Amino acid sequence: MEGDCLSCMKYLMFIFNFFIFLGGSFLLGVGVWVLVDPMGFRDIVAANPLLFTGVYVILAMGSVLFLLGFLGCCGAIRETRCLLLFFFMLILFIFLAELAAAILAFVFREHLTREYFTRELKRHYQGHNNSDVFTSTWNAIMSTFDCCGVSGPEDFEESVFRLLSPSRMVPEACCQRNSFHGDVSVEQCVSGSATFRHNKGCYSATVDYFETFIYIAGALAIVVLTIEIFAMVFAMCLFRGIQ
């Protein structure tokens, strides 16, 4: 009876990890396909810094899932204690990292306020310095979500950006790209004209965008954590059952 249970658990773990292996292979394939650029798709992604960063996130996730699935499949079907132990340790590391991230997000949730982001924007945003991570990130956010500042264009008043560019009320990232008609509209936008700029703040824009996905993300996180716990239990049971 014990042997039948162990055999059943072995094949269940193999099937489970085989699907993880396929998922990781698919993500790796998509990431490599975009970077290889077979049809000019890389240029489209590169135009949006957030999407381009997402390609590397997909590659990282695909690599981890590929490795997990491979180790789990080999360890289960070959009954290799070393591979099963390595699989267990890798799953445990990922689980603890996710748990630490959740705890840090809960502890520092009070810092993620509108006032905090506004203060940081005033202190560190420079406008055109692409080598500065803070500035380039904010430019990407404002371009992606069609917004300006944290609460609105007025956030750039008495800021480092205004000190560096006294003649500009807002940066070009705040301007409406679809309404550009040459340099005139750009100059009117950065000089303070509300006609050619986005007047909605990025805080509200991002909250509105992610609000529809927050419950899906929470449910998915619970499912992933549950799967990881079962994977660790199965791996340890097989590890102890293999002589």
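Taking other residues whose beta carbon is less than 10 angstrom from the beta carbon of Val190, and scoring Lys, Arg as +1 and Asp, Glu as -1, yields 0. When nucleic acids and ligands are ignored and a 1.4 Å probe is applied, Ile58 ends up with an accessible area of around 60 Å². Take the Cβ-Cβ distance between Ser7 and Ile227 as r, set R0 to 22 Å, and report the resulting FRET efficiency rounded to the nearest 0.05. Taking R0 as 22 Å, the efficiency between Ser7 and Ile227 is 0.50.
With a 1.4 Å probe rolled over the protein heavy atoms of all chains, the accessible area of Lys10, Lys122 falls in the order Lys122, Lys10, largest first.
Across the stretch 23-29, rounded Karplus estimates of 3J(HN,Hα) from the backbone phi angles (6.51 cos²θ - 1.76 cosθ + 1.60, θ = phi - 60°) give x, x, 4, 5, 5, 4, x Hz, Gly and Pro being marked x. Taking 0.36 nm per residue of separation and subtracting the current Cα-Cα distance, fully stretching the chain between Glu158 and Ser25 would add 42.9 nm.
The values are calculated or read from the model by the stated rules, or taken from the named source; none is laboratory data. Please read these numbers as outputs of a predicted model, since none were measured by experiment. Virtual Cβ from ideal backbone geometry, glycine too; neighbours counted across all protein chains shown. The accessibility values were calculated without ligands, DNA or RNA, using every heavy atom of the protein model including side chains. Shrake-Rupley method; radii C 1.70, N 1.55, O 1.52, S 1.80 Å.
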